[in-house]
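Working notes for the structure below.
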Amino acid sequence: MNILLTLLLIASINTNKIEDGNTLYLMDKDVGYYTENWVSSYISNEYGIRTSQGCLDIERWEQKYDAKFLLPINKSFDIRYNFYKIDGYNWHKEIHQLDFNYFIKHLVFSLSISPNYLKMDDYMGLGVGFYNNYKQNIRFFINLKDFDHNYATNRLYRDTIHDPYIFHPFQFELKSNYNFSSGYINFDVKRTMLSTKKIMDKDSLIGYINNEDGDGYLYAYINLFSRFDIYNVIEWKYESFQEDRFDYHTSEKIHTFFTSTSLNYKFKYGTAHLSIPFYYKSNNIIDSDDSLTYNYRKKMYGLTVSYNKDIFKFMSIGLGYQRGLRERLIDDIEYSNSWGDSENRLIVSLEFNFNDKTRLKVIEGIELDKFPHIPITRFHNHTYVLIQFTP
């Protein structure tokens, strides 16, 4: 019996239950993403820092951080640093990446190295791509994750259980930043192919471990006739773990997907906003030793409408309405029309923009489900704060 793996699987089930306690999750994700003008400023600069933070529940925050800077060496060579961190219900990740780039005309050749606290999260890779400038490029990478695992494993004492790779975790990555006169498209998609470790006890084979994962994001924006903005954001994450020993089988797969499509209309008195967010999550768990099987599916649909008005050159206010619907399927039992499957709230925002460099936005939710039969103490319904700086 592998007690540690069983505890990890049970923790995943508890995470789903905790997440379901936040019936505003989709609404929060919709307002917690960077808007099209924030993204435009960030992806158009070689230096920047941004963060989005908000309330998940009475015990947890969701936090996202991005940062980047450029160390120019000469016209043909530079070093770039990128930082990414996310803490939420399903994903806890911190990445530090250094890119060493060599430019020849409109081509770029890159060496990437990512040292992290957990060595299993380390990776290094080689990349090549077309590079016109920072605002117009596309690059392809082949990365090797956990690249020194076998080297370290071979130095363990033979009486220790060890797990060298027999199929290494190669990752393929495609990313691009393309700005044009009326919009932009920015994406980064990673896919780690199936890797396999053999589990050895001294010189005896006792099983295998298989892993694969993927993640990606996309920002796409276009302005039409100077008055209409169409904006789409997509975020996708996937992980699969499977351990097969000769006496038991354990596996877990988790997949999350979020997208929001927005339409803005700019007119004399301000900006009208409409967005349609969608969130999907699946989580499958098997532990044959404890006869544990668990299948979880969730879909969340939403609507956000708001009006934003500039008060001063550097400040604007917003007022809006959000509605969310939820469907869940847990171990083939459908949960619908229960508490939290339908949510409504008002949102009020205050945004500061200083010279298109420093940006601050605060969004406050206001309970609306049982209005007006609610006490004043329940008006607060989650808060998000976004900050960004670009030179």
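The values are calculated or read from the model by the stated rules, or taken from the named source; none is laboratory data. This structure is a prediction, so every number in the text was calculated from the model and none was measured. Cβ sites come from the backbone with ideal geometry, for glycine too, and all protein chains shown count toward neighbours. We work out accessible area using only protein heavy atoms, side chains counted, and drop any ligands, DNA or RNA first. Shrake-Rupley method; radii C 1.70, N 1.55, O 1.52, S 1.80 Å.
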Filter the stretch 214-250 down to the residues that are in a strand (DSSP E or B), open to solvent by 20 Å² or more (accessible area, probe 1.4 Å) and among the hydroxyl-bearing types (S, T, Y) and list them by number. Y217, Y221, Y238
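Is it the case, given these coordinates, that T293 is in a strand (DSSP E or B) and open to solvent by less than 40 Å² (accessible area, probe 1.4 Å)?
The answer is no for T293.
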Filtering the stretch 366-391 down to residues that are modelled with pLDDT of 95 or more and either farther than 23 Å from Y307 by Cβ or surrounded by 18 or more Cβ atoms within 10 Å (Cβ to Cβ) (or both) yields Y384, L386, I387, Q388, F389, T390
In the set E59, E94, which member is farther than 15 Å from G48 by Cβ, assigned to a loop (DSSP other than H, G, I, E, B) and not basic (K, R)? E59
Looking only at residues that are in contact with a helix residue (DSSP H, G or I) (Cβ under 9 Å, 6 or more places away or on another chain) and open to solvent by less than 20 Å² (accessible area, probe 1.4 Å) in the stretch 89-121, which one is nearest to F187 (Cα to Cα)? S114
Just give me the residues in the stretch 62-84 being free of Cβ contacts under 8 Å to residues at least 12 places away in the same chain and of a type outside the set (V, I, T), in sequence order. L71, P72, N74
Of the residues in the stretch 133-164 that are closer than 30 Å to S110 by Cβ and polar (S, T, N, Q), the one that is nearest to the chain's Cα centre (by Cα) is N143
In the stretch 223-243, anything among the small types (G, A, S) and within 23 Å of I286 (Cβ to Cβ) is listed as S240
For residues that are within 25 Å of S349 (Cβ to Cβ), of a type outside the set (K, R) and surrounded by 14 or more Cβ atoms within 10 Å (Cβ to Cβ), tally how many sit in the stretch 36-83. 24
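Could you tell me which residue of the stretch 134-152 is farthest from G216 (Cα to Cα), considering only residues that are part of a strand (DSSP E or B) and open to solvent by 50 Å² or more (accessible area, probe 1.4 Å)? Don't jump to the end; show me each part of the working.
Pass one, the stretch 134-152, residues part of a strand (DSSP E or B): 136-145.
If we keep only those that are open to solvent by 50 Å² or more (accessible area, probe 1.4 Å) too, we end up with 136, 138, 140, 142.
Numbers: Q136: 19, I138: 15, F140: 14, I142: 15 Å.
So, considering only residues that are part of a strand (DSSP E or B) and open to solvent by 50 Å² or more (accessible area, probe 1.4 Å), the one farthest from G216 (Cα to Cα) is Q136.
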I'd like the residue in the stretch 265-290 that is of a type in the set (V, I, T) and open to solvent by less than 50 Å² (accessible area, probe 1.4 Å) and, out of all such residues, is nearest to D332 (Cα to Cα). I285
Going by the conditions given, is V362 open to solvent by less than 80 Å² (accessible area, probe 1.4 Å) and under 23 Å from S40 (Cα atoms)? yes
Which ones in the stretch 324-359 are exposed (fewer than 14 other Cβ atoms within 10 Å of the Cβ) and in a loop (DSSP other than H, G, I, E, B)? D331, D332, S336, N337, S338, W339, N355, D356, K357
Residue pairs qualifying under the 9 Å Cβ cut-off, at least six apart or on distinct chains, with the first in the stretch 138-165 being farther than 21 Å from D213 by Cβ and of a type outside the set (G, A, S) and the second being assigned to a loop (DSSP other than H, G, I, E, B) and at pLDDT below 95, are N154/P164; R158/K202; R158/D203; D159/K202; T160/K202; I161/K202; H162/N154; H162/L156
Could you pull out every one of the strands (runs of 3 or more DSSP E) wholly within the stretch 164-211 that has 3 or more residues that are open to solvent by less than 30 Å² (accessible area, probe 1.4 Å) and of a type outside the set (D, E)? 170-180, 183-201
